[in-house]
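Chemist: Structure below; questions to follow.
The values are calculated or read from the model by the stated rules, or taken from the named source; none is laboratory data. The structure presented is a predicted model; accordingly, all values stated were derived computationally and were not measured. Glycine also receives a Cβ, built like all others from the backbone with ideal geometry; neighbour counts cover every protein chain displayed.
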Amino acid sequence: MHPTHPTLAFIGGGNMASAILGGLRRAGRPAEAFVVIEPQATQRERLATDFGIQALAAPTPALAQAALVVWAVKPQLFAQAAAPAAPWLAQALQLSVMAGIRSEAIAQASGSERVVRAMPNTPALIGQGIAGLYARAAVSELERAEVEAVLAPTGRSLWVEREDDLDAVTAISGSGPAYFFYFCEAMVQAGLDLGLHETQARELALATCGGAAALALQSADSLAMLRERVTSKGGTTHAALESLRADGVGEALQRAVRAAASRAAELGKA
């Protein structure tokens, strides 16, 4: 039987909310289970068209029916979005997919200590994401499992025990797709410089990187061992890796990840 009241409420209806909503709808959750608060009219229309769900311009008492509230607004809009919604949120489990906003701020704004923070990434849009999760002490094991079920259609998830660890998650997987695209852009440009057509270089770069990641995920071997199997002394791969080492690429990437983690920590304190 379909519920007569929404059981999942979304504050914000942008890309990440749409990824979660779409996955849950494909998994069989009925449209009546959802309500989305989204001030932009065009996005409300898109949500209604794509998922058949109720999308409202502003919070209403219907939010009080929700057992789970998903915070999916831009971090800088959190305070503005929370103020009108707060009267109806205290009984719900809170799940945030906002970068940087600490769980204490969400607990204070919602009136609920049952807060889970998630740091997803953009491959969630095609069900290939990974999200780092942190739960405050008031969240039960059953509620952790509920959060995992809500996020499952977007990809994998893993729990961290310290909230500060989400800054590292942000730096590695949250921002990581941009590092990957940057690396692939350079590979494509090298292919062009060597005489390939752009479509050829792009397909070669993306298929190679995607295949290598799939191989590593299915292998029990270390990344170093997998790398060594491709590398023959004096061969082409060895020449490329020696060039990367000479340019300090590994150290540069580590510095970049640390810079992202430091910025994530700064945003959380703002």
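Chemist: Give just the number: which of (1) within 21 Å of GLY14 (Cα to Cα); (2) not assigned by TED's automatic domain parsing to the domain that holds ILE20 does ILE130 not satisfy?
Modeler: Looking at each condition in turn, ILE130 falls short on (2).
Chemist: Continuing with this model, one more query. Has segment 248-257 got any residue that is touching a residue at least 60 places away in the same chain (Cβ under 8 Å), within 30 Å of ALA105 (Cα to Cα) and assigned by TED's automatic domain parsing to the domain that holds ALA190?
Modeler: Within segment 248-257, one or more residues are touching a residue at least 60 places away in the same chain (Cβ under 8 Å), within 30 Å of ALA105 (Cα to Cα) and assigned by TED's automatic domain parsing to the domain that holds ALA190.
Chemist: In addition: Being surrounded by 11 or more Cβ atoms within 10 Å (Cβ to Cβ), among the small types (Gly, Ala, Ser) and free of Cβ contacts under 8 Å to residues at least 12 places away in the same chain is the requirement here; does ALA240 meet it?
Modeler: Judged against the criteria, ALA240 is a match.
Chemist: Could you please find all residues in segment 221-244 being closer than 20 Å to PHE180 by Cβ and not small (Gly, Ala, Ser)?
Modeler: Selection gives LEU223, LEU226, ARG227, VAL230, THR237, LEU241, LEU244.
Chemist: Related question: Which one of these is surrounded by 13 or more Cβ atoms within 10 Å (Cβ to Cβ) and either in the same structural domain as MET16 (by TED's automatic domain parsing) or under 22 Å from the mean Cα position of the chain (by Cα) (or both): ALA201, ALA260, ALA213?
Modeler: Going through ALA201, ALA260, ALA213 in turn, just one is surrounded by 13 or more Cβ atoms within 10 Å (Cβ to Cβ) and either in the same structural domain as MET16 (by TED's automatic domain parsing) or under 22 Å from the mean Cα position of the chain (by Cα) (or both): ALA260.
Chemist: Can you pull out every residue in segment 24-77 that is in a helix (DSSP H, G or I) and among the small types (Gly, Ala, Ser)?
Modeler: ALA31, ALA33, ALA41, ALA48, ALA62, ALA64
Chemist: Could you check, for segment 91-101, whether at least one of its residues is hydroxyl-bearing (Ser, Thr, Tyr) and more than 25 Å from GLY174 (Cα to Cα)?
Modeler: Within segment 91-101, not a single residue is hydroxyl-bearing (Ser, Thr, Tyr) and more than 25 Å from GLY174 (Cα to Cα).
Chemist: Please verify whether PRO177 is within 20 Å of the chain's Cα centre (by Cα), surrounded by fewer than 14 Cβ atoms within 10 Å (Cβ to Cβ) and part of a helix (DSSP H, G or I), treating the condition exactly as stated.
Modeler: Taking the combined requirement at face value, the residue satisfies it.
Chemist: Given the options VAL188, VAL169, name the one that is under 13 Å from the mean Cα position of the chain (by Cα), hydrophobic (A, V, I, L, M, F, W, C) and surrounded by 17 or more Cβ atoms within 10 Å (Cβ to Cβ).
Modeler: Exactly one residue qualifies, and that residue is VAL169.
Chemist: Only one of these is assigned by TED's automatic domain parsing to the domain that holds LEU21, outside any helix (DSSP H, G or I) and either within 15 Å of MET98 (Cβ to Cβ) or of a type in the set (D, E, K, R) (or both): VAL116, VAL147. Name it.
Modeler: Among VAL116, VAL147, only VAL116 is assigned by TED's automatic domain parsing to the domain that holds LEU21, outside any helix (DSSP H, G or I) and either within 15 Å of MET98 (Cβ to Cβ) or of a type in the set (D, E, K, R) (or both).
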